[in-house]
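The values are calculated or read from the model by the stated rules, or taken from the named source; none is laboratory data. Since this is a predicted model, take the numbers as computed values, not measurements. Glycine also receives a Cβ, built like all others from the backbone with ideal geometry; neighbour counts cover every protein chain displayed.
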Amino acid sequence: MGPLTALLLIATSTAAAPRATPPAILVSRQLLEAEHLEVGDVVLLSADPKGGQPRPFRIAGTYEPVPDPAHLGAPALEARLHLPDLVALAADPADPASADSVQSINVTLADRKEAPAFMRELDARVPGLLLRETAAADDRDVTFVVLDRFHLAIAIVTVVASSIFLLALMVMLVDERREMVAILRLIGLRRRRIFLQVLAEGLVIALAGALFGVVLAVALEGGFNRFFQWRYDTALVFVRVTPAIASRAVAVAVPLGILASVAASWGLLRQGALSLARR
Amino acid sequence: MWTFALRSLARQPGRAILGVLGVAAVGALLFDMLLLSRGLLVSFRALLDSAGFDVRVIAADVTVAARPRLDGSASAVAAIRSLPEVEDVVPLAFGGARTDGRDGAPLELFLLGAGPARRQPWIILQGRAPDPAAGAAPELIVNRNLADRLGLHDGQELILRGDCGHEPAATPPVRFRVTGRASFPFDDPRALTAATTMDELRRVCGTEDGDDADILLVASREGQGPMAAVQAIRARRPDLHAYSNEEVVARFQQVGFSYFRQISTVLSSITLFFGFLLITVLLTVSVNQRFAEIAALRALGFTRRRVILDVLAQSVILVGAGGLVSLPLGFLLARRLEAILHAMPEIPAAMRFFAFEPRALGVHALLLMVTAVLAAAYPMRLVARLPIAATLRTEVVT
């Protein structure tokens, strides 16, 4: 059977439906809304792009299509038919084989690990079939691997910019405390002691900043998702702050914060107490 | 004013350098996001225009996957070619074929058939286009990938077995003679593509009696423009759907890769906010530390306007210098990001996610300038409201 290349949809009212109940179909929520259809309506479907040989179907319900990131922005105008109805609708009268053929058969194995052996056996028994394990990578996976890399690259640039910002802030903070450091040194505190204090301060600031960032991300998560779900009319989840992602963000931010504190304070700590006080 | 602002910044070089570097980093990202926001559209438009056809005619206004073929293409071509607004028309049909690789394994390739026309929808790199009036052996032109994969050279023979999908027929193999190499605008980097005449494509696909095509490419007559050609085609053949390249791009803008436009908008906003925050903090701290100095300058006769402009000038210098550094950084980053994104399957090799256009440079400069002014607003307000006598007294007492 060739692919169902197009659907011609003519909505009619329930009252205009023929007496013999047409076969039931499900239509996607997007299609229902786009064509102002209602459950119970009878519609004419055709496999011919020009609308030839239409057949009536009754809308028995609606469904939310499985979100597909590969079709972002394209409304899911879909309908689900019972297989015999679809085969009858799309069969080519000139090709008797088309009434008894399908594009693919999905198989669920009792043991998923048996997939390679099952495929080998089936290939030997029915040569000419194209067998594919659903868990295998395909082009769409490649697309999302690429997007993942792209996001990572953007994240690295953002972290670099943030680090410079952080360093600038710490330089200013340290500069303002030059006199205080001089006094601490003059009253007897050692460099090591002040260094530990700077380290502790850096740790506290970095931890607070990282935690604030995670809380902000969690707070914005819902808003981002709702906006993009509305924008693309999809149930896809765009942003998900998982514990792993939060941990990774903290693991990057905290050492960077400490490093910025130390780098900013380094010059100050290396100067003598008198030199600092004479400023 | 500028010299004074420069000297103020030079007094704390570490801080100024960090400010410039920070703006450079966010400016580079901003520049890249501006390139990304329209990159695909710009390069898609360039691809559409590359072969010299500015109007596309199809059978139905539906997605590519569901699009029916255009029946009676010969009469449609004749009708369109007779229009005074039209310079040339070429019908195109797409199919597939298999051949044997060097190792004997079957190799699938994309096969394109073009009707007779003065222009061709590909760019000849070497040799010549297939000639419909060729002698015994039908002719074929191949892309570089296919030529390299099979070690093909001009005059060599290649046997193709049709695998056109839309007609489930077992077709006999056809022996072609390679006439040259061509570049096909929409090829992805790994595409194995070959092109022949429309008649030979139908022969390979086993549809010799057919008269259909997938698309008609139309070149409007010079001086008339694509929209005049589109209107004329719609009037002559209302059953067909004609679109100018501009309309195709507009439709692509609605659905194709809108994700990248969204992400570029979000990241542009974030980077601008980031730059604004950085400069505001730098200038505010700097102004706070210079209260006594500013009050003294005011007491010496500097006007309020003069010291306010000094703060603004510092902001403009920081953002301006950062913005200048951000351009080469942005270009380098864009090349890296382009290489990452181009690993996506089925993206034409000539397509660019980050396409430069002068407009992006202008928008980049404008956004950074607005950021500089906004970032200076709060420290300028602090300076404007500074009480001279009270500040001097406080400074002397402390």
Single residue of the range B:277-293 satisfying the filter (surrounded by fewer than 20 Cβ atoms within 10 Å (Cβ to Cβ) and hydrophobic (A, V, I, L, M, F, W, C)) that is farthest from A:VAL160 (Cα to Cα): B:ALA292
A:PHE150 - would you say it is of a type in the set (A, V, I, L, M, F, W, C), within 12 Å of another protein chain (Cβ to nearest Cβ) and touching a residue at least 12 places away in the same chain (Cβ under 8 Å)? no
Conditions (1) free of Cβ contacts under 8 Å to residues at least 60 places away in the same chain; (2) surrounded by 17 or more Cβ atoms within 10 Å (Cβ to Cβ) -> B:ILE124 fails only (2)
Among the listed residues A:VAL145, A:VAL160, which satisfies the condition of being over 19 Å from A:SER247 (Cβ atoms) and within 16 Å of the chain's Cα centre (by Cα)? A:VAL145
Name the single residue, out of those in the range B:192-232 being of a type in the set (Gly, Ala, Ser), under 31 Å from the mean Cα position of the chain (by Cα) and modelled with pLDDT under 90, that is surrounded by the most Cβ atoms within 10 Å (Cβ to Cβ). B:GLY225
Answer from B:PRO91, B:PRO68 - the residue that is within 14 Å of chain A (Cβ to nearest Cβ), outside any helix (DSSP H, G or I) and either surrounded by 14 or more Cβ atoms within 10 Å (Cβ to Cβ) or of a type in the set (Phe, Trp, Tyr) (or both): B:PRO68
Can you tell me how many residues within the range B:27-43 are more than 25 Å from B:PHE274 (Cβ to Cβ) and within 9 Å of another protein chain (Cβ to nearest Cβ)? 0
Does A:ARG226 count as part of a helix (DSSP H, G or I) and among the charged types (D, E, K, R)? yes
Condition set assigned to a helix (DSSP H, G or I) and more than 10 Å from every other protein chain (Cβ to nearest Cβ), scope the range B:49-65, selection modelled with the highest pLDDT: answer is B:ASP49
Would you check if A:ALA70 is within 14 Å of chain B (Cβ to nearest Cβ) and either assigned to a helix (DSSP H, G or I) or modelled with pLDDT of 90 or more (or both)? yes
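Only one of B:LEU278, B:LEU324, B:LEU272, B:LEU297 is hydrophobic (A, V, I, L, M, F, W, C), assigned to a helix (DSSP H, G or I) and at pLDDT below 85; which?
B:LEU278
Condition first: in a strand (DSSP E or B) and aliphatic (A, V, I, L, M). Now tell me which residues in the range B:134-154 satisfy that.
B:LEU140, B:ILE141, B:VAL142
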Residue under question is A:ILE156, and the condition is that it be more than 9 Å from every other protein chain (Cβ to nearest Cβ), among the aliphatic types (A, V, I, L, M) and either more than 30 Å from B:PHE353 (Cα to Cα) or in contact (Cβ under 8 Å) with a residue 40 or more places away in the chain (or both); does it hold? no
Picked from the range A:206-246 (must be within 14 Å of chain B (Cβ to nearest Cβ) and touching a Gly at 6+ places or on another chain (Cβ under 8 Å)), the residue nearest to A:SER162 (Cα to Cα) is A:GLY209
Criterion (facing another protein chain (nearest Cβ under 9 Å) and in contact (Cβ under 8 Å) with a residue 60 or more places away in the chain) met by exactly one of B:ALA76, B:ALA24, B:ALA16, B:ALA46: B:ALA24
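Each row is one residue, and each column tells you yes or no for (1) within 12 Å of chain A (Cβ to nearest Cβ); (2) assigned to a strand (DSSP E or B); (3) not acidic (Asp, Glu).
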| residue | (1), (2), (3) |
| --- | --- |
| B:LEU217 | no, yes, yes |
| B:ALA228 | no, no, yes |
| B:GLN253 | yes, no, yes |
| B:LEU283 | yes, no, yes |
Here are the criteria: (1) modelled with pLDDT under 90; (2) outside any helix (DSSP H, G or I); (3) buried (at least 22 other Cβ atoms within 10 Å of the Cβ). Tell me which single one B:ARG102 does not satisfy. (3)
Can you tell me which residues in the range B:172-190 are surrounded by fewer than 19 Cβ atoms within 10 Å (Cβ to Cβ) and in contact with a strand residue (DSSP E or B) (Cβ under 6 Å, 6 or more places away or on another chain)? B:PRO173, B:ARG175, B:ARG177, B:SER183
Of the residues that sit in the range A:48-89 and are more than 35 Å from the chain's Cα centre (by Cα) and of a type in the set (Gly, Ala, Ser), which one is surrounded by the fewest Cβ atoms within 10 Å (Cβ to Cβ)? A:GLY52
Only one of A:ARG191, A:ARG231, A:ARG226 is more than 30 Å from A:SER28 (Cβ to Cβ) and either in contact with a Ser or Thr (Cβ under 8 Å, 6 or more places away or on another chain) or charged (D, E, K, R) (or both), namely A:ARG191
Restricting to the range B:105-117, name every residue that is in a loop (DSSP other than H, G, I, E, B) and either under 21 Å from B:GLY206 (Cα atoms) or outside the structural domain of B:PHE184 (by TED's automatic domain parsing) (or both). B:GLY115, B:PRO116
Single unsatisfied condition, B:TYR243 versus (1) hydroxyl-bearing (Ser, Thr, Tyr); (2) touching a strand residue (DSSP E or B) at 6+ places or on another chain (Cβ under 6 Å); (3) within 14 Å of chain A (Cβ to nearest Cβ): (3)
Residues located in the range B:338-366, provided they are assigned to a helix (DSSP H, G or I) and crowded, with 21+ Cβ neighbours inside 10 Å: B:LEU341, B:ALA360, B:HIS364
Being touching a strand residue (DSSP E or B) at 6+ places or on another chain (Cβ under 9 Å), more than 13 Å from A:LEU81 (Cβ to Cβ) and either surrounded by 15 or more Cβ atoms within 10 Å (Cβ to Cβ) or within 14 Å of another protein chain (Cβ to nearest Cβ) (or both): is that true of A:LEU45 here? no
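Results for (1) within 14 Å of another protein chain (Cβ to nearest Cβ); (2) in contact (Cβ under 8 Å) with a residue 40 or more places away in the chain, shown as yes or no for each residue.
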{"residue": "B:ALA299", "(1), (2)": "no, yes"}
{"residue": "B:PRO328", "(1), (2)": "no, no"}
{"residue": "B:GLU338", "(1), (2)": "yes, no"}
{"residue": "B:LEU341", "(1), (2)": "yes, no"}
{"residue": "B:LEU366", "(1), (2)": "no, no"}
{"residue": "B:PRO379", "(1), (2)": "yes, yes"}
